[in-house]
1. Every residue in segment 40-99 that is among the polar types (S, T, N, Q) and either within 20 Å of Leu8 (Cα to Cα) or exposed (fewer than 15 other Cβ atoms within 10 Å of the Cβ) (or both), please.
2. List pairs: first in segment 71-84 and within 18 Å of Arg95 (Cβ to Cβ) and free of Cβ contacts under 8 Å to residues at least 24 places away in the same chain, second in a loop (DSSP other than H, G, I, E, B) and not acidic (Asp, Glu), Cβ under 6 Å, 6+ apart or cross-chain?
Amino acid sequence: MIYQGEHLWVGQWGHISIVAAFVSALTAAMAYYFAARNRNDSTDSARWTAIGDYAYIIHGVGIIALIGLLFYAMYHQMYEYAYVFDHVSPDLPMRYILSAFWEGQEGVFSFGCSGTSF
């Protein structure tokens, strides 16, 4: 099947961002658990804390990339994505495109995740 005129890379990068954010959040939680569990051994605890810190940073970058991709798709009116199709129209001014991000549950949820990741 040939897709002509569709912007598939936005969806693919969005999928990668979601998977990376989810896996890194689980990794950070597990690493911080092991760091707290091994408090008596300072070198082992420090290693687990460092792993948790890096995973937490990757989680934040994944969520911010997801938000950026969603804004990009909304700004460029990529109607092949359901969220853009449901919340953006061609005659919408820029200020309303920015506010349309919070209109649906998915946008509010991803913005809420970015607020808690830092």
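Throughout, read-outs are computed from the coordinates displayed, never taken from laboratory work. On a predicted model such as this, the values are computed, not experimentally measured, just so you know. Ideal geometry is used to build each Cβ from the backbone, glycine not excepted, and the neighbour counts take in all protein chains shown.
1. Asn40, Ser42, Thr43, Gln77, Ser89, Ser99
2. These pairs meet every condition: Gln77/Val88; Val84/Met78.
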